Amino acid sequence: MKIIGTGRAHPSKVVTNAMLEQFLDTNDEWIVSRTGMKERRVISSEKLEDMAADAARKAIEDAGLKPDDIDYIICSNVVNEYITPGLSCIIQGAIGAKCACVDVNAACSGFIYALDMADDRIRAGKAKHILVVAAEEPTRMVDWTDRSLCVLFGDGAGAVVVSYGEGMIASRLTTQSKTDCLYYVRKLEPTPYITKPEYGAPMYMNGREVFKTAVLSSSRDIKRLLDKAGLQPSDIKYYILHQANMRIIEAIANWLKLDMSYFPHNVDRCGNTSSASIPLLLDELAREGKLKKGDKILMSAFGAGFTTGACIFEWTK
Ligand code: UT7
């Protein structure tokens with residue numbers, strides 16, 4: 001599988017740390033020193049499905065294809081207004097494609113899981129051109145009076161089109177059921193028969209626990225992948241890591257003994273956009289002309305579940 005097109009869409013509203021100070025007991029110094037975030041893009045009047053379709057159209061155009069050429073759509077998404085139908089079905093209608101569609105929820109690792117599924121489908125000869133979209137609005141999962149969480153997130157949609165080729169070098173997915181340190185619970189409709197207690201709750205995160213697990217698991221995945229591919233850390237042009245916290249990215253850079261030029265980031269401008277963070281950053285690098293044919297890229301993400309996903313691929317465009 002190789003990536004032949006990328007696209008992205010951001011919400012128009014920029015929320016700076018100073019804007020958060022107006023209604024929360026927080027400050028720019030705390031947010032920047034603990035997370036590296038200066039501002040984030042937050043959904044206001046937009047719909048996530050429109051942003052997802054916008055990112056998808058740009059990726060298809062970048063690939064030099066038409067929506068008709070797409071024969072499978074995979075959308076990574078944790079939350080949007082619809083429980084059903086899947087966001088992938090909505091994207092299909094909006095862009096005018098005519099293929100099978102499916103959604104994946106692997107939290108912040110979802111884009112890598114979706115890419116891995118696309119790779120399998122292409123290797124199996126079941127599809128020629130697959131659209132992979134990651135569209136997320138985590139700002140709708142948090143309690144905006146909880147300063148420990150609402151400052152961390154932003155929204156956005158990133159997309160890629162993949163097709164047959166020699167791009168994917170190695171991938172690794174892991175899941176360890178650990179549901180008590182990061183979750184969001186939605187209350188279902190009542191029925192006349194429900195007797196058990198039920199509740200809904202905004203996102204809960206044990207930040208320190210997630211921080212530790214994220215650094216350890218991402219470092220482990222990166223090492224295993226480099227070993228599998230027979231590569232040294234410096235053979236990779238860019239490490240495109242899940243943009244959850246600048247300190248996590250710096251810890252991984254330190255552990256690999258690499259300087260920060262290997263670690264492009266958008267967390268300072270976009271906040272944590274869940275599974276959209278990697279394709280958003282990938283599109284940014286591609287459109288700025290920073291990716292050259294033959295460059296090796298390593299992507300690594302972690303998220304609720306606890307899931308991790310990582311892959312190495314060669315830029316072939
Ligand atoms: O993509 C999903 C995966 N998520 C992540 O990767 C997030 C991983 N975790 C983190 O990034 C960090 O743990 C956080 C940024 C969430 C928190 O940083 P921390 O250094 O672990 O801080 P903490 O939670 O231990 O809180 C330290 C202090 C507390 O005050 P006390 O108890 O020491 O008096 C908090 O109440 O900072 C306080 N605090 C704040 N102060 C100002 C928490 N949030 C804020 C805030 N502004 N927004």
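General observations
- Apart from one condition, LEU149 fits all of (1) part of a loop (DSSP other than H, G, I, E, B); (2) within 16 Å of the ligand (Cβ to nearest atom); the exception is (1).
- Residue tally, condition open to solvent by less than 60 Å² (accessible area, probe 1.4 Å) and either in contact with a strand residue (DSSP E or B) (Cβ under 7 Å, 6 or more places away or on another chain) or over 17 Å from ARG8 (Cα atoms) (or both), over region 44-61: 8
- Pair list, Cβ < 7 Å and 6+ apart or interchain, from region 77-101 residues that are at positive phi to residues that are open to solvent by 20 Å² or more (accessible area, probe 1.4 Å): GLY96/PRO67
- Some residue of region 238-253 being surrounded by fewer than 16 Cβ atoms within 10 Å (Cβ to Cβ) and more than 16 Å from the ligand (Cβ to nearest atom): no
- Filtered residues of region 136-146 (kept if in a loop (DSSP other than H, G, I, E, B) and closer than 21 Å to SER109 by Cα): GLU137, MET141, VAL142
- Any hit, region 216-230, residues being in contact with a Leu (Cβ under 7 Å, 6 or more places away or on another chain), surrounded by 21 or more Cβ atoms within 10 Å (Cβ to Cβ) and polar (S, T, N, Q): yes
- Identity of the residue in region 16-36, within 8 Å of the ligand (Cβ to nearest atom) and part of a helix (DSSP H, G or I), that ends up surrounded by the fewest Cβ atoms within 10 Å (Cβ to Cβ): TRP30
- One residue alone among LEU152, LEU173, LEU65 is in contact (Cβ under 8 Å) with a residue 12 or more places away in the chain and buried (at least 22 other Cβ atoms within 10 Å of the Cβ), and that residue is LEU152.
- Residue under evaluation ARG40, criteria (1) among the basic types (Lys, Arg); (2) in contact with a Gly (Cβ under 8 Å, 6 or more places away or on another chain); (3) open to solvent by 30 Å² or more (accessible area, probe 1.4 Å), criterion not met: (3)
- Here the condition is being crowded, with 19+ Cβ neighbours inside 10 Å and either on the phi > 0 side of the Ramachandran plot or at pLDDT 95 or above (or both); of GLY289, GLY305, GLY294, it holds for GLY305 alone.
The values are calculated or read from the model by the stated rules, or taken from the named source; none is laboratory data. Keep in mind it's a predicted model, so treat the numbers as computed, not measured. Note that each Cβ is placed from the backbone with ideal geometry, even for glycine, and that neighbours are counted across all protein chains shown. Protein only, heavy atoms only, side chains kept; ligands, DNA and RNA dropped before computing areas. Shrake-Rupley method; radii C 1.70, N 1.55, O 1.52, S 1.80 Å.
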